[in-house]
Amino acid sequence: IRIRHVELRRVRLPLIHRFRTSSHVKHELEHILVGVTDASGVTGWGEIASPSGPYYGAETVQSCWAVARDHLRPLVLAAAWEHPAELAAVMGRVRGNHFARAGFDMAAWALWSALDGSPLAAALGGTRTRVAAGVSLGIEETIDELLEQVALRVAEGYHRIKLKIAPGWDVEPVRAVRAAFPRIPLHVDANGAYPASERAVFGELDRAGLLMIEQPFAPRALVAHAELQETLATPICLDESVEDVDDLVTALRLRAGRVLNIKVSRMGGLTPAVRAHDLAHAEGLPVWCGGMHEFGIGRAANVALSSLPGFTMPSDVSGSDKYYARDITTSPVTCRNGFVAVPRTPGLGWEPDLPFVAERTVARL
Ligand code: OSB
Ligand code: MG
């Protein structure tokens, strides 16, 4: 396969409900769509789902745009490949910049599975016909507003609720949600907001019957995670700490966590995400698929990935209506009774709604 044409589009969508984490608040997202077209005129789409600012990780929309335009696009246009993993190896010349690489890797998989006539999920080794979905809820102004959000998502049938926490918004909201919803599967995500010396908050949270505590400490603080895990019954889940398979090897060796959040973007694409899944599965480490508020294209890749056998916990693959009044795909991603059906059609399973994408495009190359 040779890519004859690469299209890059910066696309903006407003969020239905603003989202606050320990580090920042967002009302609108700007992601980059990557279209790769082969000589036969078939296009595969991917999505670079980087946040605008460098607060989740180091990348920004602006850095992704520059790396995509100046480094990845020329590499991809020069490569000849038979399988997406070969293109991923070529892109491996670019260090870091995983969100940017993920957009191209996803597009290559979408193209390859479409040409092959197989659903993306099957091409990746997926076995499930539907995936269980959870939701991730941001920090609210008041506990009442949080309880309202939880009630809404529980009523919609989501299988697990995740609450963002930060110093000053942790034990109290978690207790309030637990008291109002004694049985729901619940977990918390700190996005690394706590100092490595913090023990008291996690000691309290350890008694709240949580499924897991996600990324309490800074990304590189693997030893601190291992030390905290020894003191807790609740599993620690790693997100920002695992950017590649080597990080996962380190985390496993250190016993730095008992659950892994695999994000296509953070890992640098579907190719490394599948490898991380395979290793975790072989080691008995349960995984689930995290999200970055993807538009329909990136979300489609998350759905396909979540169909792999090691994804035994609900993924953050909520329906489009949790995020956007109108998604960029011709049909939205829908979640019924807490499940998203895995498409059986060749390729990604969702197509960009190009006229609507054009309306929302702020830059194009
Ligand atoms: O840590 O999982 C995270 C969103 C932006 C940045 C980081 C995270 C998140 C989410 C949203 O939790 C998950 C989703 O896409 O619904
Ligand atoms: Mg997280």
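The values are calculated or read from the model by the stated rules, or taken from the named source; none is laboratory data. As the structure is a prediction and not an experimental result, all values here were calculated from the model. Glycine also receives a Cβ, built like all others from the backbone with ideal geometry; neighbour counts cover every protein chain displayed.
One table, with the values for the structure above:
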quantity	calculated
Some residue of the stretch 25-34 being within 25 Å of residue 218 (Cβ to Cβ) and at pLDDT 95 or above	yes
Cross-chain or 6+ apart pairs with Cβ under 7 Å, the stretch 340-365 first and acidic (Asp, Glu), then assigned to a strand (DSSP E or B)	351/329; 353/329
Residue, nearest to ligand 1 (Cβ to nearest atom), within the stretch 205-254, restricted to residues that are in contact with a His (Cβ under 9 Å, 6 or more places away or on another chain) and charged (D, E, K, R)	214
The lone exception for residue 293 - which of (1) buried (at least 24 other Cβ atoms within 10 Å of the Cβ); (2) within 16 Å of ligand 2 (Cβ to nearest atom); (3) on the phi > 0 side of the Ramachandran plot it fails	(1)
Residue within the stretch 261-283 that is over 18 Å from residue 132 (Cβ atoms) and without any contact (Cβ under 8 Å) to a residue 12 or more places away in the chain present	yes
Condition check for residue 271: polar (S, T, N, Q) and over 15 Å from the mean Cα position of the chain (by Cα)	no
Yes/no for residue 280 being surrounded by 17 or more Cβ atoms within 10 Å (Cβ to Cβ), closer than 22 Å to residue 160 by Cβ and within 16 Å of ligand 1 (Cβ to nearest atom)	no
Single condition residue 279 does not satisfy, out of (1) more than 13 Å from ligand 2 (Cβ to nearest atom); (2) in contact with a Leu (Cβ under 7 Å, 6 or more places away or on another chain); (3) not in a helix (DSSP H, G or I)	(3)
The one condition in (1) among the hydrophobic types (A, V, I, L, M, F, W, C); (2) surrounded by fewer than 16 Cβ atoms within 10 Å (Cβ to Cβ); (3) out of contact with any Leu (no Cβ under 8 Å at 6 or more places or on another chain) that residue 42 fails to fulfil	(3)
Qualifying residue in the stretch 52-69 (condition: within 21 Å of residue 326 (Cβ to Cβ), basic (Lys, Arg) and at pLDDT 95 or above)	no
Pairs, first small (Gly, Ala, Ser) in the stretch 167-182, second at pLDDT 95 or above and surrounded by 12 or more Cβ atoms within 10 Å (Cβ to Cβ), C-beta under 8 Å, six or more apart	176/143; 176/146; 176/147; 180/147; 180/150; 180/151
Inter-residue pairs, beta-carbon under 9 Å, first among the hydroxyl-bearing types (Ser, Thr, Tyr) and at pLDDT 95 or above and in the stretch 128-146, second in a strand (DSSP E or B) and within 16 Å of ligand 2 (Cβ to nearest atom), 6+ apart	136/19; 136/161; 136/162; 136/163; 136/164; 136/189
Selection from the stretch 255-267 of residues that are away from ligand 1 (no atom under 16 Å from the Cβ) and either out of contact with any strand residue (DSSP E or B) (no Cβ under 7 Å at 6 or more places or on another chain) or of a type in the set (S, T, N, Q) (or both)	255
Any hit, the stretch 321-339, residues being part of a helix (DSSP H, G or I) and either surrounded by fewer than 24 Cβ atoms within 10 Å (Cβ to Cβ) or not small (Gly, Ala, Ser) (or both)	yes
